[in-house]
Amino acid sequence: MLVEKTVIDSKEAYLQCLEKLIWAIDRLKAEVEPSELARIAELIVQPMTGPWRFFHTPEHIFEVGGNKDAIEVMAALFHDIVYVQVDRSINFNVSYYITPLTKEVNKQLKIRDRSELSADATFEMVMLVFGFVPGEVLNPFAGQNEFLSALVAAKALEPFLKREQLLEIAACIEATIPFRAAECGVTVSQILYDRLQAITSLFNLSLTDEQMRETVKKAVRISNRDVISFSHESSAHFLANTWNLLPETNHNITSYGFYSVRDYRVALLKMEGFLTYLKPEVIFRQFEGHP
């Protein structure tokens with residue numbers, strides 16, 4: 001049996017995305033021409049409605065953003081715009097923002113060497129949020145997609161938003177790197193807060209300590225909503241979401257209109273292995289008692 005999608009169509013996704021962009025831009029007190037917002041909405045929706053997207057879809061990013069905070073909404077819209085393993089590539093329009101700053105070497109993506117990069121404060125901020133450096137090879141399972149997504153968000157929004165707002169959005173996207181344990185007793189949320197302090201000082205930004213702490217709390221909310229199905233009271237709901245993940249990284253299930261027993265078994269074993277070794281304590285995050 002062919003696995004089929006049950007998602008909203010691209011036109012409806014575009015209209016909902018545009019509506020959320022308009023709302024967030026208004027809350028952030030930025031001035032953006034309607035034609036530019038339309039372009040950004042299209043930029044977001046194109047990869048999110050690609051043929052391999054079954055879980056990481058427009059519905060997902062709308063849910064992750066919530067409906068109360070503009071930074072959270074904006075970060076969620078962009079947080080899955082790059083997903084190399086799922087899409088098998090990077091959308092052509094999205095690559096416009098990435099290729100000047102990254103490159104492919106031996107089938108791996110890496111940040112360009114310092115000698116290849118021009119001075120770019122926005123790019124430097126995003127790198128520092130993720131703890132990356134020029135020349136670093138990106139790990140598909142340790143922040144590659146989130147970093148590239150944050151980079152697209154920052155560069156696409158750079159003409160319209162303040163640097164402080166771009167930093168907050170990048171921080172929220174960084175927090176969606178899932179299932180990370182504390183390092184030497186220091187949680188990933190504390191590490192993010194420490195990075196925000198260093199970046200604010202380095203770039204002479206106007207974020208206060210209270211604003212930085214609130215930014216980390218926003219990031220925690222985004223992170224937790226990104227994996228919210230783990231806390232659903234219905235196991236059927238959780239399994240339905242898990243089921244949608246299978247065809248994203250097991251393309252044989254959908255490629256040819258049929259699949260072998262082996263393909264199906266491999267997909268299930270991969271998911272079983274992941275869930276077996278996933279530690280419950282790294283699924284959800286907290287910062288200073290929130291939530």
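The values are calculated or read from the model by the stated rules, or taken from the named source; none is laboratory data. A quick note: this is a predicted structure, and the numbers were derived from the prediction, not measured. Glycine gets a Cβ as well: all are built from the backbone with ideal geometry, and neighbour counts include every protein chain shown.
For the range 38-49, a residue qualifies if it is surrounded by fewer than 18 Cβ atoms within 10 Å (Cβ to Cβ) and either at pLDDT below 90 or among the hydrophobic types (A, V, I, L, M, F, W, C) (or both), and exactly one does: 38.
In the set 30, 13, only one residue is in contact (Cβ under 8 Å) with a residue 40 or more places away in the chain, in a loop (DSSP other than H, G, I, E, B) and among the aliphatic types (A, V, I, L, M); that residue is 30.
Residue-by-condition table, conditions (1) over 27 Å from residue 50 (Cβ atoms); (2) modelled with pLDDT of 95 or more:
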residue	(1), (2)
96	no, yes
100	no, yes
117	yes, yes
121	yes, yes
172	no, yes
180	no, yes
185	yes, no
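I'm checking my understanding of the structure. Among residues of the range 107-121 that are not aliphatic (A, V, I, L, M) and not in a loop (DSSP other than H, G, I, E, B), which one is surrounded by the fewest Cβ atoms within 10 Å (Cβ to Cβ)?
Step one: list which residues in the range 107-121 are not aliphatic (A, V, I, L, M), which gives 107-108, 110, 112-116, 118, 120.
Next, from what is left, pick out any that are not in a loop (DSSP other than H, G, I, E, B): 108, 110, 114-116.
Numbers: 108: 12, 110: 17, 114: 9, 115: 7, 116: 13.
Per the criteria, the residue is 115.
Of the helices (runs of 4 or more DSSP H) lying entirely inside the range 198-291, those containing at least 1 residues that are in contact with a helix residue (DSSP H, G or I) (Cβ under 6 Å, 6 or more places away or on another chain), modelled with pLDDT of 80 or more and small (Gly, Ala, Ser) are 209-226.
If residue 288 meets every condition in (1) surrounded by fewer than 15 Cβ atoms within 10 Å (Cβ to Cβ); (2) among the charged types (D, E, K, R); (3) without any contact (Cβ under 8 Å) to a residue 40 or more places away in the chain; (4) closer than 30 Å to residue 166 by Cβ apart from one, which number is that one? With (1) surrounded by fewer than 15 Cβ atoms within 10 Å (Cβ to Cβ); (2) among the charged types (D, E, K, R); (3) without any contact (Cβ under 8 Å) to a residue 40 or more places away in the chain; (4) closer than 30 Å to residue 166 by Cβ applied to residue 288, the lone miss is (3). Filtered by the rule that a residue be part of a loop (DSSP other than H, G, I, E, B), within 14 Å of residue 13 (Cα to Cα) and of a type in the set (D, E, K, R), the range 53-84 gives a lone residue, 53. Taken together, the criteria exclude residue 137 from residues that are crowded, with 21+ Cβ neighbours inside 10 Å, modelled with pLDDT of 95 or more and within 19 Å of the chain's Cα centre (by Cα).
Looking at this structure, is residue 124 within 22 Å of residue 13 (Cβ to Cβ), assigned to a helix (DSSP H, G or I) and acidic (Asp, Glu)? Against the criterion (within 22 Å of residue 13 (Cβ to Cβ), assigned to a helix (DSSP H, G or I) and acidic (Asp, Glu)), residue 124 does not qualify.
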